[in-house]
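One structure below.
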Amino acid sequence: MRFTIAIDGPAAAGKGTISKAVAQHFGFAHLDTGLLYRAVGAQMLAGVPPVEAAQTLQADALDAAKLRSADVAQAASKVAAIPEVRAALVDFQRAFASRAGGAVLDGRDIGTVICPEAEAKLFVTATPEVRATRRHLELTAAGSSTDYATVLADVKERDARDMNRADAPLRPAADAVVLDTSQLSIAQAIAQAIAAISSKQQR
Ligand code: CDP
């Protein structure tokens, strides 16, 4: 059985948490596509030209914990605006999406560019302040001393870059269900995501 769930949205909207829970609920595999761009961004910070980094990326061997910093996030959104970088990552994402047994992919352009035929599409969002609060908690828990104002500025800057780039800009697909999690607990957000996807499964 093939069934693709596309989950897009701005920085720190809770896509990761929702995607993992949705994948577990349906028994599907999950790909955090942001990690691909973060890995290329990290390599750029280490001096590797981004297009070369994307073309030689070993996507199966990504170390998520090392790629979560704010510096890597900013670098990721810069390399993500380069069309050749995006092009180099398309095949891996599409192959993952069409695997037997079902797949959940989260990112920015999954419902619009990578998997426009996905059976279920969600656009997960929240206010910039709520997203920055969540990301600040996450970074603090991971040992970072970054302050809230810096995190908020980072989130807004990345959103603007991601929404305004020419290639695969961040926007909801026309047929995506928009889920605003600003006022929702994690459990409520997950329940609403599962309900929206289940309604597509039964059609
Ligand atoms: O976790 P967070 O939402 O902060 O970011 P992420 O999903 O790890 O993505 C990091 C950056 O990669 C984003 O700011 C985008 O610029 C880029 N990205 C993208 O362009 N397309 C995707 N499908 C996923 C991420």
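The lysine pair count for the chain, using Cα distances under 22 Å and pairs eight or more places apart or on different chains, is 11.
Amide H contacts of residue 125: 179, 180, 181, each under 5 Å away and 5 or more positions distant or on a separate chain (H built 1.01 Å from N in the peptide plane; Pro and chain starts excluded).
With all protein chains in place and a 1.4 Å probe, the accessible surface of the chain carries 55 percent carbon and sulfur. Taking max minus min of the alpha-carbon positions on each principal axis, segment 103-203 gives extents of 47, 35, 21 Å, largest first.
Using the alpha carbons alone, the radius of gyration of segment 4-201 stands to its Kirkwood radius in an Rg to Rh ratio of 0.94.
Just checking the listed ones, 107, 143, 27: in the Gaussian network model of the chain with Cα springs under 10 Å, the one fluctuating most is 143.
Counting only protein heavy atoms and a 1.4 Å probe, the chain has 47 square angstrom of accessible area per residue.
Taking the convex hull of the Cα atoms, report for segment 144-203 its projected area averaged over all directions, in nm².
On the way: hull surface 25.7 nm².
Convex hull of Cα atoms, orientation-averaged projection: 6.4 nm².
Across all C-alpha atoms in segment 1-106, the radius of gyration and Dmax reach 13.7, 42 Å.
Which whole number in µm²/s is D for segment 124-177 by Stokes-Einstein, with the Kirkwood Rh taken over Cα pairs at 20 °C and 1.002 mPa s? Walk me through the numbers before you get to the answer.
Numbers: Rh = 12.4 Å.
Value of D from the Cα-based Kirkwood radius: 172 µm²/s.
The values are calculated or read from the model by the stated rules, or taken from the named source; none is laboratory data. Here the structure is a predicted model, which is why all the values come from computation and not from measurement. Just so you know, the surface numbers come from the protein's heavy atoms only, side chains and all, with ligands and any DNA or RNA stripped out. Shrake-Rupley method; radii C 1.70, N 1.55, O 1.52, S 1.80 Å.
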